[in-house]
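Data block below; observations after.
Each reported figure results from applying straightforward, stated rules to the coordinates on display, with no laboratory input. Quantities reported herein were computed from a predicted structural model and do not represent experimental measurements. Neighbour counts run over all protein chains shown; Cβ positions are idealised from the backbone, glycine included.
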Amino acid sequence: MKQRGKKGRLRMAVERFDQLGIVLVLAVLVLVASISNSTFYSADNLINVLRSTSFIFLIGIAVTYVLITGGLDLSVGRVMAMAGILSAMAAQRGMPLLLCVGAGLLFGFVVGLVNGFLIVKQNIPALIVTLGMMYICDGLVLIVTMGSPVYPLPDSFKALGQGTVWGIPNVIWIALALALLGAFVLKYTRYGREVYSIGGNRETARLAGIHVGRVQISVYVLSAMAAAMAGILMAGRLNSAQPSSGNGYELTVVAAVIIGGTSMFGGAGSILGTLFGSLLMMVIENVLLLLKISAYWQKLVVGIIIIFAVGLDQLRRKRYGLG
């Protein structure tokens with residue numbers, strides 16, 4: 001018990017250190033951006049950064065749950081695209097807004113259920129299942145749209161993605177609300193404790209009476225539904241459901257979650273860390289744009305960040321005996 005308690009305190013200390021490190025890096029980036037281009041501090045630019053961050057963060061909240069259990073979901077980007085397309089097509093046919101949103105979320109629910117079932121019940125590695133699902137959803141997007149965007153959309157649907165409350169876009173409020181709910185569940189509920197327990201030691205969690213398979217399936221459902229919601233909001237934001245929507249989001253989201261301190265090997269992570277990780281990813285992108293550096297460099301930077309973040313995770317796990 002003493003050893004377990006010691007590891008728990010070490011884990012908390014490491015997570016706090018990670019978040020402090022991210023904050024320092026963000027501060028440096030903001031300073032560089034403000035010196036190089038005063039536009040960074042403009043209200044429009046700050047809102048754009050927060051809006052872009054919210055789409056990543058919205059998905060990242062649920063992906064945090066997946067990674068804490070020791071899982072992985074690479075299908076979120078294409079789920080995002082397909083859900084947005086289904087909702088947009090329903091809107092074009094005059095369906096009520098709630099049913100349009102429900103259609104997209106239902107698609108996410110089914111995808112998450114299939115992912116979870118194949119991973120848990122068929123023992124297929126999460127990497128293979130979600131990578132395969134990514135290609136399946138990509139194929140569905142092309143079959144349904146023939147590569148063309150779905151537009152125009154009704155005003156009520158556009159308002160969902162373009163609307164604001166007190167000048168702040170809806171997506172930011174939605175991401176904030178889900179973040180508070182997600183953080184509360186992780187920290188104060190039995191389900192949250194089960195998520196951490198499964199990531200820490202799956203067999204021990206099973207012996208403790210936790211329905212490991214059920215919890216694992218549920219986190220994949222949450223992940224796919226979060227991606228679906230992001231796709232619906234993105235379609236409303238653009239006034240069209242784009243087949244290319246969400247391209248590359250799977251790596252950006254996973255990178256943001258890992259940078260935020262969530263371990264790829266399970267058992268550690270937080271919603272707050274994911275928020276800082278998401279902010280870091282979007283601030284880097286914004287800074288590169290303001291500095292007029294080619295967008296092609298963004299993918300290179302993301303790749304370096306992913307490798308660095310996973311390497312750092314490995315290093316700290318060995319150092320603190322959390323492996």
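Think of the chain as a dipole: +1 on every Lys or Arg Cβ, -1 on every Asp or Glu Cβ, centred on the Cα centre; then among GLN162, THR64, LEU50, THR64 lies furthest on the positive end. Please report how far the C-alpha centroid of region 170-240 lies from that of region 112-146, rounded to the nearest whole angstrom. First find each Cα centre; the distance between them is then 18 Å. Over the residues of the chain, the helix contribution to mean residue ellipticity at 222 nm works out to -26500 deg cm²/dmol, using -39500 (n - 2.57) for each DSSP H run of at least 4.
With K and R counted +1 and D and E -1, the other residues having a Cβ less than 15 Å from that of LEU113 yield a net charge of +1. Spatially close Lys pairs in the chain, defined by Cα atoms under 20 Å apart and a spacing of eight or more places or different chains, total 5. Taken as entire DSSP H runs, the helices of the chain that both span 18 Å or more between Cα atoms along their own long axis and average 0.5 or more on the Kyte-Doolittle scale are 2-36, 43-68, 76-92, 97-120, 126-145, 170-188, 212-238, 271-290. Ordered from longest to shortest, the equivalent ellipsoid semi-axes for the chain are 31, 26, 17 Å, each the square root of 5 times a Cα gyration tensor eigenvalue.
Extension gain for the segment ARG214 to THR164, taken as residue separation times 0.36 nm less the Cα-Cα distance, is 14.3 nm to one decimal. Model label points for ILE293 and LEU26, set 7 angstrom from Cα along the Cα-to-Cβ axis, are 1.9 nm apart. Quick one: net charge of LEU86's neighbours, Cβ under 15 Å, K/R +1, D/E -1? Net charge in that neighbourhood comes out at +1. Loop-resident chymotrypsin sites (Phe, Trp or Tyr not before Pro) (DSSP state other than H, G, I, E or B) in region 119-185 with no more than 12 further Cβ atoms inside 10 Å of their Cβ: TRP166.
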